[in-house]
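Here is the structure we will look at, set down as structure tokens.
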Amino acid sequence: MDERTADNLELVGGWICLDFANTATARDEALRRLRREYLPTYGQLVAWSRHAGLLAEVETKALLKTAACHPALAAAVLDCAIALRETIYRIFTAIAQAREPDSRDLATTNAVLHAALSRLQVIPSAGGFQWAWVEGEGELDRMLWPIVRSAADLLISADLRRVRQCAGEGCDWLFVDTSKNQSRRWCSMNMCGSRDKARRYYRRRKTQKR
């Protein structure tokens, strides 16, 4: 039984945009029985964002309070978040499979990126300056800004050639393969790796008994 939820989901992607893409699984229609959606509500989106380090506790409480006062707006933001997630998933799945991403998905990413970067500015910090997101009242989509920037940064980084898709049955999670020989097959050895080995062992034993 899958006991994972938005606030304890493994962060194995290596980049926050891939971790975000991994908040659902088994998108293939043939694996519908294994499908899981970990962001069914806006509250779960906030919970995952807090878990992933995108929101501070005070921001989390403020967003949930605003969402409770404006449920229709929160639902609309959730729809946008899921649409962005699936766009990111399609782009990096294509790359992992050595295919060209759909130009429409890139256009969507660029449109969201353009809006997000309008909230980014340089501010003074100890000994210099740093990037910071300018957040206003009631901006329920603020967690999407660093996610789409992460996707853009990954697309132009050297890590792009290391993007892989999990080989585990029913798992389509994405990750950056940082292994020395670039032979990592699973999103996590503790999850899909162990399950895959157990399945193969069971199949071998079953074959031997025939």
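Other residues lying with their Cβ under 10 Å from the Cβ of residue 10 contribute a combined charge of 0, Lys and Arg counting +1, Asp and Glu -1. Normalised by residue count, the chain yields a Cα convex hull volume of 162 Å³ per residue.
If you stretched the chain out fully between residue 82 and residue 179, how much longer would it get, using 0.36 nm times the residue separation minus the C-alpha to C-alpha distance?
Details: separation 97, 0.36 × 97 = 34.92 nm, distance 3.01 nm.
The residue 82-residue 179 span can extend by a further 31.9 nm.
Taking all Cα pairs closer than 8 Å and separated by 6 or more residues, the relative contact order of the chain comes to 24 percent.
Panel order for 20, 92, 175, by other beta carbons found within 10 Å of each beta carbon, from fewest to most: 175, 92, 20.
Taking other Cβ within 10 Å of each residue's Cβ, how do 104, 119 sort, fewest first?
Values: 104 10, 119 15.
Ranking 104, 119 by Cβ neighbours within 10 Å, fewest first, gives 104, 119.
Proximity of backbone amide H atoms, modeled 1.01 Å from N, is registered between residue 184 and 179 at under 5 Å, excluding neighbours fewer than 5 places apart on the same chain.
Loop-located GluC sites (Glu not before Pro) in segment 74-141 (DSSP state other than H, G, I, E, B) with a sparse environment of at most 11 neighbouring Cβ atoms within 10 Å: 137.
No lab work stands behind these numbers, since they all come straight from the coordinates. Just so it is clear, the model here is predicted, and its values are computed rather than measured. Cβ: placed from backbone, ideal geometry, glycine included. Neighbour counts: every protein chain shown.
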